[in-house]
Amino acid sequence: MPTPLRLAALLALSFIPHSVPAAEAEYKPELFQTLKPVYADTFDAGPLNTEFWEVRQSTTWAVKDGVLTGSPSSKEFQERKKASDDPSHAGLKPVIWLKKVPENFVCAMRVRYDATAYQKGFPLFDLGHHTHTLSFGEKATTLTIKKNVQSAPVEQPLFALNQWHEVVIELKKGKLLLSIDGKKHLFESSNIDMTGQAQIDFKAVDFGTCQIDSIRLWEGL
């Protein structure tokens with residue numbers, strides 16, 4: 001049974017296309033004057049929208065009880081990949097791409113990464129495919145810009161394993177604003193640029209899971 005808040009969101013979304021947020025006024029951007037709705041989902045109805053999502057490395061993703069949940073690939077796939085010339089894509093960690101991401105964007109989501117420990121790797125978001133990487137450790141959040149051009153570790157905000165977080169990412173050329181549960185940090189660099197990129201990659205910890213409860217995506221104007 002949906003909670004009152006979720007029911008209200010569903011009622012609002014029922015009068016408009018599923019890919020459009022109920023109201024732009026729900027989020028006030030800091031890097032943009034206005035927002036143009038691109039996509040929104042609360043994962044309460046229907047299968048995964050493959051117009052906006054692409055499952056990678058044969059990992060397992062399913063919508064259940066209002067949550068998009070990702071798990072590692074099958075043991076058979078892992079063993080086959082490990083024995084091939086491409087062992088790094090064996091699907092040990094859940095990986096999925098959010099597609100059609102604008103060059104200047106705001107993405108707001110409720111998400112969690114579950115795992116037993118950080119030492120098997122760090123959960124992360126790739127903004128663009130291997131372009132700008134936000135990786136989350138126990139003591140620092142690190143933005144790696146254009147693979148290895150720049151690295152910017154910060155002590156806050158942190159993203160802990162095994163708990164839900166409200167995450168907002170605003171990105172325009174030269175700036176990236178990250179908010180986790182209301183705590184914010186602004187990264188600034190001339191190398192921050194999503195030109196030619198159109199995706200956000202979700203990558204969990206090896207043998208862990210990723211869960212996405214809701215997501216909203218806008219183009220920043």
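The numbers here are math on the coordinates, done by the rules we state, and not lab data. In this text, all values refer to a predicted model and were calculated from it rather than measured experimentally. Reconstructed Cβ throughout: ideal geometry from the backbone, glycine too, with neighbour counts over all protein chains shown.
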Next item on the list: Can you pull the one-decimal nm distance between simple spin-label points at Asn162 and Lys183, each 7 Å off the Cα toward Cβ?
Entry: 1.8 nm
Next item on the list: Of the listed pairs Lys28/Lys183; Lys147/Lys203; Lys28/Lys146; Lys146/Lys203; Lys28/Lys175, which have alpha-carbon separations greater than 21 Å here?
Entry: Lys28/Lys146
Note to self: At 7 Å along Cα-to-Cβ for each site, give me the label-to-label distance between Arg110 and Thr195 in nm.
What the structure shows: 3.8 nm
Check: Ordered by residue, what ³J(HN,Hα) values in Hz, to whole numbers, does segment 179-188 give under the Karplus form 6.51 cos²θ - 1.76 cosθ + 1.60, where θ = phi - 60° and Gly and Pro are x?
Finding: 10, 10, 6, x, 8, 10, 8, 9, 8, 10
Next item on the list: Express the relative contact order of segment 30-180 as a whole percentage, based on alpha carbon pairs under 8 Å and six or more residues apart in sequence.
Entry: 18 percent
Next item on the list: Apply 1/(1 + (r/R0)^6) to the Cβ-Cβ distance of Tyr118 and Lys75, taking R0 = 25 Å, and write down the FRET efficiency to the nearest 0.05.
Entry: 0.60
Next item on the list: At a temperature of 20 °C and a viscosity of 1.002 mPa s, determine how fast segment 44-200 diffuses translationally according to Stokes-Einstein, using the Kirkwood radius over alpha-carbon pairs as Rh; express D in µm²/s, rounded to the nearest whole number.
Entry: 128 µm²/s
